[in-house]
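The values are calculated or read from the model by the stated rules, or taken from the named source; none is laboratory data. Note that the structure is a prediction, hence the values are computed from the model and not measured. Don't worry about glycine lacking a Cβ; one is built from the backbone with ideal geometry, like all the others, and counts go over all protein chains shown. Heads up: the accessible areas ignore ligands, DNA and RNA and are worked out on the full protein's heavy atoms, side chains in. Shrake-Rupley method; radii C 1.70, N 1.55, O 1.52, S 1.80 Å.
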Amino acid sequence: AHLAALVLARGGSKGIRLKNIKLLAGVPLIGWVLRAAVDAGVFHSIWVSTDHDEIEKVAKQFGAQVHRRSPEVSQDSSTSLEAIKEFLHHHHEVDIVGNIQATSPCLHPSDLIKVADLIQREGFDSVFSVVRRHQFRWSEVKKGENKMTEPQNLNPAKRYRRQDWPGELYENGSFYFAKRHLIEKGYLQGGKMAYYEMRAEHSVDIDIDIDWPIAEQRVLSFGYFGKEPLKEVKLLVCSIDGCLTNGRIYVTEDQKEMVSYDYRDIVGIDLLKKRGIQVRLISERDCSKTLSAMQLGCIAKVSATNKLQVLEDWQKDMGLNWKEVAYLGNEESDVECLKKAGMSGVPADACALAQKAAGYICKSNGGCGAVREFAEHIFLLLEKVNSARKQ
């Protein structure tokens, strides 16, 4: 049976403009679930249904095929079921649809693998995700009604302790798997049904802007970052022009060059050093005098005609695994380095090719705090590494 992953990503989100590709912890929101779907290895095809060009570009960047949905199912009033039925109408090869919500960035491949097994091997017609909650419910009393509220799932005289109560299962919206015949009849849940209980820390749903900072912390702590386990970063290589500086060169009347930098970035470099992470700098032009004036105390390679070769030499000399190397770049000349490094980042104003190659896109521009921001990102991921070791 052909199992297809389908992510619905309409461009006209009413809550947050282009929410589905807004950066969350340096990755487009939709990228988190597509990464999990690709690495799960259980889907015969992975699709994004969208009506927007920019979402299409991001979807293809993360390995998905694109179904251009019609205007009829791209309205504010359109339902997920309508969009899925339209997709099936154009893709007769698909037998089972795994509808994955773009707004669930803490989804892991292991969850998708287990669900695929339930529906393909154990014969269920539909499987959906739930999360266990320990919340007491009370009946609603509408304004003006002359009655008292009533307990719905507890006895107030014998309130459970959390550890003595199993709680209740609630849909968390992460995914809905269903066979074609059900969907064509107008159901996403039906037939022989099963639920799949997700871990509470993986149940993150982006709905409103105020949730974004909280979700970023959750993703950094519990998100899926790729097949290979994270390793402790021991070297950060930073491109000087456009990352440490804003890329502008000021020339005085006596033909002396000047550049500007952000003090926050210098603090970020100092913090990295204190954590035992070496920081090295690289530039295609000869900026020796600038570096000398900045007094950063970092090894630097200037007039570098081949940045990748320099990076590989440093990696080998230090005896590092690529997962232990981080790279911050912003230009086409940085692309191969960004692809090689285990952790890669670019400033917000980096060129399109560099952004596509990077694992993290800063909110700050080059020379305006991007180095400090990337350093903070490294620290958060190091906490994730240390937490995994303890477990």
query: Can you pull out the residues in the stretch 132-159 that are aliphatic (A, V, I, L, M) and over 30 Å from Glu201 (Cβ atoms)?
result: Val141, Met148, Ala157
- line: Considering residues that are outside any helix (DSSP H, G or I) and either of a type in the set (A, V, I, L, M) or open to solvent by less than 60 Å² (accessible area, probe 1.4 Å) (or both), the number found within the stretch 150-184 is 16
- prompt: Only one residue in Asp254, Asp286, Asp265 is of a type in the set (D, E, K, R) and touching a helix residue (DSSP H, G or I) at 6+ places or on another chain (Cβ under 7 Å). Which one?
  reply: Asp265
- prompt: Are there any pairs with C-beta distances below 8 angstrom linking a residue in the stretch 12-23 that is over 12 Å from Asp53 (Cα atoms) and of a type in the set (S, T, N, Q) to a residue that is part of a loop (DSSP other than H, G, I, E, B) and modelled with pLDDT under 85, with the two at least 6 apart or on different chains, and if so which?
  reply: Asn20/Ser13
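Taking the conditions exactly as written (of a type in the set (A, V, I, L, M) and assigned by the TED database to the domain that holds Ser344), does Ile240 satisfy them or not?
For Ile240, the condition - of a type in the set (A, V, I, L, M) and assigned by the TED database to the domain that holds Ser344 - is met.
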query: When the stretch 269-305 is examined, which residues are found to be modelled with pLDDT of 90 or more, on the phi < 0 side of the Ramachandran plot and polar (S, T, N, Q)?
result: Gln278, Ser283, Thr305
message: Looking at Val219 and the list (1) without any contact (Cβ under 8 Å) to a residue 60 or more places away in the chain; (2) closer than 24 Å to Lys323 by Cα, which single condition is not satisfied?
response: (1)
query: Quick one: is Asp205 of a type outside the set (Phe, Trp, Tyr), within 24 Å of Val97 (Cα to Cα), modelled with pLDDT under 90 and assigned by the TED database to the domain that holds Asp125?
result: yes
field: Top-ranked residue in the stretch 68-77 [being buried (at least 19 other Cβ atoms within 10 Å of the Cβ) and touching a residue at least 24 places away in the same chain (Cβ under 8 Å); ranked as nearest to Val38 (Cα to Cα)]
entry: Arg69
query: Among the listed residues Val233, Val219, which satisfies the condition of being crowded, with 20+ Cβ neighbours inside 10 Å, hydrophobic (A, V, I, L, M, F, W, C), in contact with a strand residue (DSSP E or B) (Cβ under 8 Å, 6 or more places away or on another chain) and not in a helix (DSSP H, G or I)?
result: Val233
Lone unmet requirement of (1) at pLDDT below 90; (2) closer than 23 Å to Cys362 by Cα; (3) not β-branched (Val, Ile, Thr) for Ala59: (1)
Matching residues, the stretch 96-136, being in a loop (DSSP other than H, G, I, E, B) and surrounded by 15 or more Cβ atoms within 10 Å (Cβ to Cβ): Gln101, Ala102, Thr103, Ser104, Pro105, Cys106, Leu107, His108, Phe124, Asp125
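Per-residue answers, yes or no, for (1) over 11 Å from the mean Cα position of the chain (by Cα); (2) free of Cβ contacts under 8 Å to residues at least 40 places away in the same chain:
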residue: Leu29; (1), (2): no, no
residue: Val33; (1), (2): no, no
residue: Asp39; (1), (2): yes, no
residue: Val42; (1), (2): yes, no
residue: Ile55; (1), (2): yes, no
residue: Ala59; (1), (2): yes, no
residue: Val66; (1), (2): yes, yes
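Confirm whether Ile249 is touching an Asp or Glu at 6+ places or on another chain (Cβ under 6 Å), more than 30 Å from Ser110 (Cβ to Cβ), surrounded by fewer than 19 Cβ atoms within 10 Å (Cβ to Cβ) and not assigned by the TED database to the domain that holds Asp111. Spell out the reasoning first.
Working: touching an Asp or Glu at 6+ places or on another chain (Cβ under 6 Å): yes; more than 30 Å from Ser110 (Cβ to Cβ): yes; surrounded by fewer than 19 Cβ atoms within 10 Å (Cβ to Cβ): yes; not assigned by the TED database to the domain that holds Asp111: yes.
So Ile249 passes the test.
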- prompt: Hey, which of the helices (runs of 4 or more DSSP H) in the stretch 1-93, taking only ones fully inside, have at least 1 residues that are of a type in the set (Gly, Ala, Ser) and either within 20 Å of Ala116 (Cα to Cα) or in the same structural domain as Phe379 (by the TED database) (or both)?
  reply: 29-40
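Yes or no, residue by residue, for (1) within 18 Å of Phe222 (Cβ to Cβ); (2) touching a helix residue (DSSP H, G or I) at 6+ places or on another chain (Cβ under 7 Å); (3) among the aromatic types (Phe, Trp, Tyr):
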| residue | (1), (2), (3) |
| --- | --- |
| Glu93 | no, no, no |
| Val97 | no, yes, no |
| Ser104 | yes, yes, no |
| Leu107 | yes, yes, no |
| Ser110 | yes, no, no |
| Glu122 | no, no, no |
| Asp125 | no, yes, no |
| Val131 | yes, yes, no |
| Glu140 | no, no, no |
field: Filtered residues of the stretch 170-222 (kept if in contact with a Lys or Arg (Cβ under 9 Å, 6 or more places away or on another chain) and within 21 Å of Lys85 (Cβ to Cβ))
entry: Ile183, Glu184, Gly186, Gly191
- line: Listed by first then second residue, the pairs whose first member lies in the stretch 245-269 and is closer than 20 Å to Ala326 by Cα, whose partner is part of a strand (DSSP E or B) and hydroxyl-bearing (Ser, Thr, Tyr), with beta carbons under 7 Å and at least 6 positions apart or on separate chains, are Thr245/Tyr261
